[in-house]
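Below is one structure, written out as structure tokens; comments come after it.
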Amino acid sequence: MARQKRANVSPMLLAFGKQLRRYREAKGLSQEAAGQRVPVTGQYVGLVEKGKSRCTREFAATMDRELGADGRLLDLWDDLVKSPAWPTWFDWHAVEGEAIMLVSYSLALVHGLLQIPEYAAAMLHGDQAAVEARLSRQGILVREDPLPPDCVFLIDSCALHREVGSPAIMRGQLEHLITMIEKGATIQVVPTEGTHMGNMGSFTLATLEDLQEVAYVETAAKGFTMGDPEDLVAFRKALQEIQACALPVRQSVDELARTVEQWK
């Protein structure tokens, strides 16, 4: 089935994006030129203007100032964009949903797209709205139109041995990973070692339909999307080093099965 553009964007985000575009065009700025004022990529500005990305208040404040909106963009952000279910910095879910390819490395925890509800609830301290928001993202793996993105999940073996919630939850989570592989998912275990760039932290690299790339890094405080060429080169280099260390998929299944036994 051919991949098609989706139209189901939030009307509130679309309304904010239309106003942002009007102010930008009134200033005679391209998306790229406007993005340089933040700085973000022109592609990111385009996602916000199309209602496909939920920008931060800091982004809105910078655009308000640079485009001479006299506080109106900030008022619109407060009225249209602010939402309790998604953290205010979480624009990544829109990029993730538009991606045709996702390659991730998880250093300490199982990737959100692979988490079972119990694991997610333990991670998010029982915040049901946050759990539902996280689990809803997993719909991109089973959707029919557009087709799911091609995904590669690289999981450091230390994430398999770090207890989240309880031993029973860990068993269920690792068994879920095995089931996902059996259904065709590409999940590879990366033996823990200190010689590759992935030890700096977890990240995901998304490739969009126009072949542009966006990286996502999550910290204890918030997450960051990155699109600068120098950053992307560093992420690609890190992925090469990590993939060189990763076990093949079938050996990864064996490693997961052995670890399940350790949680009994």
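We did not get these values from a lab; they are worked out from the coordinates using the rules stated. A quick note: this is a predicted structure, and the numbers were derived from the prediction, not measured. When we count neighbours, we look across all protein chains shown, and the Cβ atoms used for this are built from the backbone with ideal geometry, even at glycine.
Listed values, structure above:
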{"item": "Shape box of the chain [Cα atoms, principal axes, largest first, Å]", "result": "62, 39, 37"}
{"item": "Stretch gain in nm, segment Met12-Ala168, where the contour uses 0.36 nm per residue and the Cα spacing is subtracted", "result": "52.1 nm"}
{"item": "Net charge dipole size for the chain [Lys, Arg +1 and Asp, Glu -1 on Cβ; Debye, nearest 20]", "result": "500 debye"}
{"item": "Radius of gyration, Dmax [region 11-81; alpha carbons; angstrom]", "result": "10.3, 26"}
{"item": "Computed Kirkwood radius, in angstrom, where 1/r is averaged over Cα pairs of region 22-63", "result": "10.1 Å"}
{"item": "Set Lys50/Lys222; Lys18/Lys222; Lys183/Lys264; Lys18/Lys237; Lys222/Lys264; Lys82/Lys183 screened for pairs whose C-alpha atoms are more than 29 Å apart", "result": "Lys18/Lys237; Lys222/Lys264; Lys82/Lys183"}
{"item": "Karplus 3J(HN,Hα) series, Hz, for region 139-151 with 6.51 cos²θ - 1.76 cosθ + 1.60 (x for Gly, Pro)", "result": "x, 5, 7, 10, 5, 10, 8, x, 5, x, x, 6, 10"}
{"item": "Mean Cα-pair separation over length for the chain, i.e. relative contact order, pairs under 8 Å, 6 or more apart, %", "result": "19 percent"}
{"item": "Computed helical MRE - 222 nm, the chain, DSSP H runs ≥ 4 contributing -39500 (n - 2.57), nearest 500", "result": "-13500 deg cm²/dmol"}
{"item": "Qualifying GluC sites (Glu not before Pro) for region 96-196 [loop in DSSP, other Cβ within 10 Å: at most 14]", "result": "Glu144, Glu163, Glu193"}
{"item": "Rough spin-label spacing in nm, given labels placed 7 Å along Cα→Cβ, for Lys50 and Lys264", "result": "4.9 nm"}
